[in-house]
Amino acid sequence: MIKTLRIKRIAAEIPASLLAAKAGVNRSRLSNLERGYIKPTDDELQRLTSALEQLIDAKAVMQRTATAVGWPLGEVR
């Protein structure tokens, strides 16, 4: 599941540092989790999954808003 989370995070262009902060996970721990060096607790996995979904949703809202006001989408990251 954590590998899928990493793939999804990278595809959505969400920085690991942002996901770690949103989920309340240390950045280096997230790196170790994503690389498969350690296994996440059930709570960590739930927080990371929820945080990533929230960040992806927020990014989509920003992109829709940018489009609505005429901003180029390349500017919203």
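No value in this document is a laboratory result; all are computed from the given coordinates. None of the values given here were measured: they were computed from a predicted structure. Cβ coordinates were reconstructed from backbone atoms using ideal geometry, including for glycine residues, and neighbour counts include every protein chain displayed.
Which lysines have a Cα lying under 25 Å from the Cα of LYS59, excluding residues fewer than 8 positions away in the same chain? Of all the lysines, those that pass the test against LYS59 - Cα under 25 Å, at least 8 places apart if same chain - are LYS3, LYS8, LYS22. Stretched out straight at 0.36 nm per residue, the stretch from GLU13 to ASN32 would grow longer than its current Cα-Cα span by 4.9 nm.
Multiplying the residue separation of LYS39 and VAL69 by 0.36 nm and removing their Cα-Cα distance gives an extension gain of 6.5 nm.
By the Cα gyration tensor, segment 2-71 has an equivalent ellipsoid whose semi-axes, rounded to whole angstrom, run 26, 11, 10 from largest to smallest. Rounded to the nearest 20 debye, the dipole magnitude of segment 2-71 is 200 debye, with +1 charges on Lys and Arg beta carbons, -1 on Asp and Glu beta carbons, and the Cα centre as origin. Once the Cα-Cα distance is subtracted from the 0.36 nm per residue extended length, the MET1 to LYS59 segment shows a gain of 18.7 nm.
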